[in-house]
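> There's a structure below that I have some questions on.
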Amino acid sequence: MILIDGKQTAEIIKAELAVEVENIVKNGGKQPHLAAILVGNDGASETYIASKVKACKKVGFKSTLINFPATVSENELLQKVIEINNNADIDGLIVQLPLPKHISEKKVTETILPEKDVDGFHPLNVGKLALNLPTFISATPYGIMQLLERYKIETAGKHCVILGRSNIVGSPVSILLSRNTYPGNCTVTLCHSRTKNLEYYTKQADILIAALGKPDFVKANMVKDGVVVIDVGITRVSAPGTEKGYHITGDVDFDDVAPKCSYITPVPGGVGPMTIVALLKNTLLSLNNNLITNL
Ligand code: GUN
């Protein structure tokens, strides 16, 4: 069993990005600049945003963090998005989700200029992804593709079974892995909450991507020997007495499943760190005006 070390891979990619940024600036180019908007005080969102800002610093990007209280009006938030859209120095903008209930995530996402939508959430960018046109690939799918590529995992002709059909992970990953590219050329099965006899599918998987948000859901008796497992789950499970009071738990029961795997991502330290790197990569692509068709 080979552990897919997302933390280490993310560090390697960050070092590559830092060299790229250094060269751009040395040659008189502009420093990449990511803006992030955080609304309210959700603990997980604060942690994610802090990691994103820290990663920017590490690779030599400029970053601007805008904090709004949870009571901010939708209009005020939209005005800030428009202001950033019009700021030529800013290459990428993310608005951390979820947003408070009185604000429409759809409206906010659709207000971000597609050219600055480094999260790849704008409908225009999602449509381009589906049509295999150059666009920003959202962070988690991009991170997963990078891990498959960096670990040289064979994908052509493999049966990839995806658990979860979310707009952020399951759906885009199903598109990317069915493309005629590397990583890609998989036969893809997308399973969801209405799938009957789920184990029938998971047992067939050469590559299993678990993105359903149910801690420890995948057990050893659900997979075949030699499977590649990519665990996208990041649920906070209460752990009284520990420093933080919780553990981050994946969708795969790691100790149970790992002995049967050829490759597996741990949680934490698997897909998670790669998502931040993907965001940085997209910001650099935005600056260079060089979007992705093939990974
Ligand atoms: N909330 C959870 N994941 C993400 C992400 O990738 N981007 C944004 N903007 N919010 C998130």
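The values are calculated or read from the model by the stated rules, or taken from the named source; none is laboratory data. This one's a predicted model, so the numbers in the text were calculated from it and none came from an experiment. Cβ coordinates were reconstructed from backbone atoms using ideal geometry, including for glycine residues, and neighbour counts include every protein chain displayed.
> With farther than 26 Å from Gly157 by Cα and at pLDDT 95 or above as the only criterion, which of Gly184, Gly213 stands out?
Gly213
> Additional query: Test of understanding: among Gly241, Gly269, which residue is away from the ligand (no atom under 16 Å from the Cβ) and within 14 Å of the chain's Cα centre (by Cα)?
Numbers: Gly241 fails: within 14 Å of the chain's Cα centre (by Cα).
After ruling out the rest, the residue left standing is Gly269.
> Let me ask another. Check whether at least one residue in the range 133-145 is at pLDDT 95 or above, among the aromatic types (Phe, Trp, Tyr) and buried (at least 22 other Cβ atoms within 10 Å of the Cβ), and report yes or no.
Scanning the range 133-145, I find at least one residue that is at pLDDT 95 or above, among the aromatic types (Phe, Trp, Tyr) and buried (at least 22 other Cβ atoms within 10 Å of the Cβ), so the answer is yes.
> For the range 127-147, enumerate the residues that are of a type in the set (S, T, N, Q) and within 15 Å of the ligand (Cβ to nearest atom).
Within the range 127-147, Ser138, Thr140, Gln146 qualify.
> Further question on the same structure: Kindly list, by first and then second residue, each pair from a residue in the range 51-69 that is hydroxyl-bearing (Ser, Thr, Tyr) to a residue that is in a helix (DSSP H, G or I) and surrounded by 15 or more Cβ atoms within 10 Å (Cβ to Cβ), limited to pairs with Cβ atoms under 7 Å and residues at least 6 apart or on different chains.
Within 7 Å, the pairs are Ser51/Ile276; Ser63/Val53; Ser63/Cys56.
> Another question about this same structure. Among what's in the range 246-289 and is touching a residue at least 60 places away in the same chain (Cβ under 8 Å), in contact with a Ser or Thr (Cβ under 7 Å, 6 or more places away or on another chain) and not hydroxyl-bearing (Ser, Thr, Tyr), pick the residue that is nearest to Gly120 (Cα to Cα).
Selected residue: Ile276.
> What single numbered condition from (1) exposed (fewer than 12 other Cβ atoms within 10 Å of the Cβ); (2) modelled with pLDDT under 95 fails to hold for Gly29?
(1)
> Limited to the range 29-50, what total is found for residues that are farther than 15 Å from Asp119 by Cβ, within 13 Å of the ligand (Cβ to nearest atom) and either of a type in the set (S, T, N, Q) or part of a loop (DSSP other than H, G, I, E, B) (or both)?
Residues meeting the conditions: 3.
> Now a separate question. Go through the range 108-126 and count every residue that is free of Cβ contacts under 8 Å to residues at least 60 places away in the same chain, out of contact with any Leu (no Cβ under 6 Å at 6 or more places or on another chain) and more than 11 Å from the ligand (Cβ to nearest atom).
7
> Next question, about the same structure. Considering only residues of the range 83-102 that are within 13 Å of the ligand (Cβ to nearest atom) and outside any loop (DSSP other than H, G, I, E, B), which is surrounded by the fewest Cβ atoms within 10 Å (Cβ to Cβ)?
The selected residue is Ile94.
> What do you reckon, is Ala18 in contact (Cβ under 8 Å) with a residue 40 or more places away in the chain and surrounded by fewer than 16 Cβ atoms within 10 Å (Cβ to Cβ)?
On the way: in contact (Cβ under 8 Å) with a residue 40 or more places away in the chain: yes; surrounded by fewer than 16 Cβ atoms within 10 Å (Cβ to Cβ): yes.
It is true that Ala18 is in contact (Cβ under 8 Å) with a residue 40 or more places away in the chain and surrounded by fewer than 16 Cβ atoms within 10 Å (Cβ to Cβ).
> Is it true that some residue in the range 179-194 is more than 22 Å from Gln146 (Cβ to Cβ) and more than 24 Å from the chain's Cα centre (by Cα)?
For the range 179-194, residues more than 22 Å from Gln146 (Cβ to Cβ) and more than 24 Å from the chain's Cα centre (by Cα): present.
> Given the condition surrounded by 14 or more Cβ atoms within 10 Å (Cβ to Cβ), among the aromatic types (Phe, Trp, Tyr) and within 16 Å of Ser138 (Cα to Cα), answer yes or no: does some residue in the range 49-61 qualify?
No.
> Being within 14 Å of the ligand (Cβ to nearest atom), in contact with a helix residue (DSSP H, G or I) (Cβ under 7 Å, 6 or more places away or on another chain) and of a type in the set (Gly, Ala, Ser): is that true of Ala55 here? Steps first, please.
Working: within 14 Å of the ligand (Cβ to nearest atom): yes; in contact with a helix residue (DSSP H, G or I) (Cβ under 7 Å, 6 or more places away or on another chain): yes; of a type in the set (Gly, Ala, Ser): yes.
It is true that Ala55 is within 14 Å of the ligand (Cβ to nearest atom), in contact with a helix residue (DSSP H, G or I) (Cβ under 7 Å, 6 or more places away or on another chain) and of a type in the set (Gly, Ala, Ser).
> Could I ask something else about it? Could you check the range 157-206 and list, in sequence order, the residues that are in contact (Cβ under 8 Å) with a residue 12 or more places away in the chain, in a loop (DSSP other than H, G, I, E, B), more than 16 Å from the ligand (Cβ to nearest atom) and β-branched (Val, Ile, Thr)?
Thr181
> Also, I was wondering about something else. Residues to consider are Glu76, Glu105, Glu154; find the one that is without any contact (Cβ under 8 Å) to a residue 12 or more places away in the chain, within 13 Å of the ligand (Cβ to nearest atom) and out of contact with any Lys or Arg (no Cβ under 7 Å at 6 or more places or on another chain). Explain how you work it out, then say what you get.
Numbers: Glu76 fails: within 13 Å of the ligand (Cβ to nearest atom); Glu154 fails: within 13 Å of the ligand (Cβ to nearest atom).
Unique residue meeting the criteria: Glu105.
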